[in-house]
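The values are calculated or read from the model by the stated rules, or taken from the named source; none is laboratory data. In this text, all values refer to a predicted model and were calculated from it rather than measured experimentally. Here the Cβ positions follow ideal geometry from the backbone for every residue, glycine too, while neighbour counts run over all protein chains shown. Only protein heavy atoms, including side chains, enter the accessible area calculation; ligands, DNA and RNA are left aside. Shrake-Rupley method; radii C 1.70, N 1.55, O 1.52, S 1.80 Å.
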Amino acid sequence: MIDSWTFNKMAGAVLGTGLLVLALQNVSGILFHHTAPSVENPGFRIEIEEPEAPNAAAAIPVSIGTLLQTADVAKGQVEAKACLNCHNFAKGAGKKTGPELYNVVERQIASMAGFEYGAAAKEKSGEKWTYDNLNIFLKAPKAYFKGTKMVWGGLKNDKKRANLIAYLATLSDAPKPFPAP
C-alpha cells in the first residue's frame, strides 16, 4: 500500500507537470502568433521567395577555351558514365531517352533524325553545339532549355565540365579543335 507521503509526492509531480505544460502553452501563445484555420482561411500560408533563375551564360566566368587547355579526357569519360542511362556515345548507336552524342560538337542543336526534341530545343535549332554552348548547357540544362524533360541537374564544377566536353570532342571521326583560351 502507498503511504500518504508517497501519494502526495506523486500527485504533486503530476499537478506540477500539468501546470508547467499550461505555462509553456501560454508563453508560446505570446511568442508565436498564428491565425487558426477557418472556412475562409482553410490552412496556413507558407510564403517562399523564389530566387530569379540565373542567367547560365553570365554564371560562367572562365572561358571554355581556357578550361579545355588542361582538360583530362580520361576523367571526362568517367564523368560521362552519368549520361549513359539516357544517351548513346557510339557512332550509329541511335537514340535512347536522349539523342546520340557521337559527333555532338558543332552539330546543329535538335538535329538528330528520329529523335523528338522538346520545344525549347527546337527554338535553338538554328544554333550549333559549340564548345561555349555545350559548356553553358552542361552547367545548367534547365536554364539553357526552359521546360526540358532532362532530369540531370548539370555539372557545376568547371574542371569536371571541361573534362566531359573534352571527352565528347573525341567522339567524332574528325574531332573539332578546341577554341583559343
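Values computed for the structure shown
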read-out	value
Any pair with Cβ under 7 angstrom, 6 or more apart, that starts in the range 144-169 at a residue that is farther than 19 Å from N88 by Cβ and in contact (Cβ under 8 Å) with a residue 60 or more places away in the chain and ends at one that is open to solvent by less than 10 Å² (accessible area, probe 1.4 Å) and among the polar types (S, T, N, Q)	R161/N135
Residues located in the range 59-112, provided they are within 25 Å of the chain's Cα centre (by Cα) and at positive phi	A110
Any hit, the range 131-141, residues being farther than 21 Å from L68 by Cβ, more than 19 Å from the chain's Cα centre (by Cα) and open to solvent by less than 60 Å² (accessible area, probe 1.4 Å)	no
K156 open to solvent by 50 Å² or more (accessible area, probe 1.4 Å) and over 17 Å from G76 (Cβ atoms)	no
Which numbered condition F115 misses (of (1) in a helix (DSSP H, G or I); (2) out of contact with any Ser or Thr (no Cβ under 7 Å at 6 or more places or on another chain); (3) not small (G, A, S))	(1)
The one condition in (1) at pLDDT below 95; (2) buried (at least 17 other Cβ atoms within 10 Å of the Cβ) that N163 fails to fulfil	(1)
Top-ranked residue of the range 118-130 - restricted to ones that are open to solvent by 60 Å² or more (accessible area, probe 1.4 Å) and part of a loop (DSSP other than H, G, I, E, B), ranked as farthest from L67 (Cα to Cα)	G126
Only listed residue being over 24 Å from V62 (Cα atoms) and either of a type in the set (F, W, Y) or touching a Lys or Arg at 6+ places or on another chain (Cβ under 9 Å) (or both), chosen from A169, A174, A110, A121	A110
Condition met for A110 (small (G, A, S), buried (at least 16 other Cβ atoms within 10 Å of the Cβ), without any contact (Cβ under 8 Å) to a residue 24 or more places away in the chain and closer than 23 Å to G147 by Cα)	yes
Residue in the range 55-78 that is modelled with the highest pLDDT, counting only those that are open to solvent by 90 Å² or more (accessible area, probe 1.4 Å) and under 25 Å from K146 (Cβ atoms)	P61
All positions within the range 144-162 that are under 13 Å from the mean Cα position of the chain (by Cα) and in a helix (DSSP H, G or I)	Y144
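Every residue, every condition in (1) part of a helix (DSSP H, G or I); (2) touching a Leu at 6+ places or on another chain (Cβ under 9 Å); (3) at pLDDT below 85, yes or no:
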position	(1), (2), (3)
L20	yes, no, no
L24	yes, no, no
H34	no, no, yes
S38	no, no, yes
N41	no, no, yes
I46	no, no, yes
K81	yes, no, no
F89	no, yes, no
N103	no, yes, no
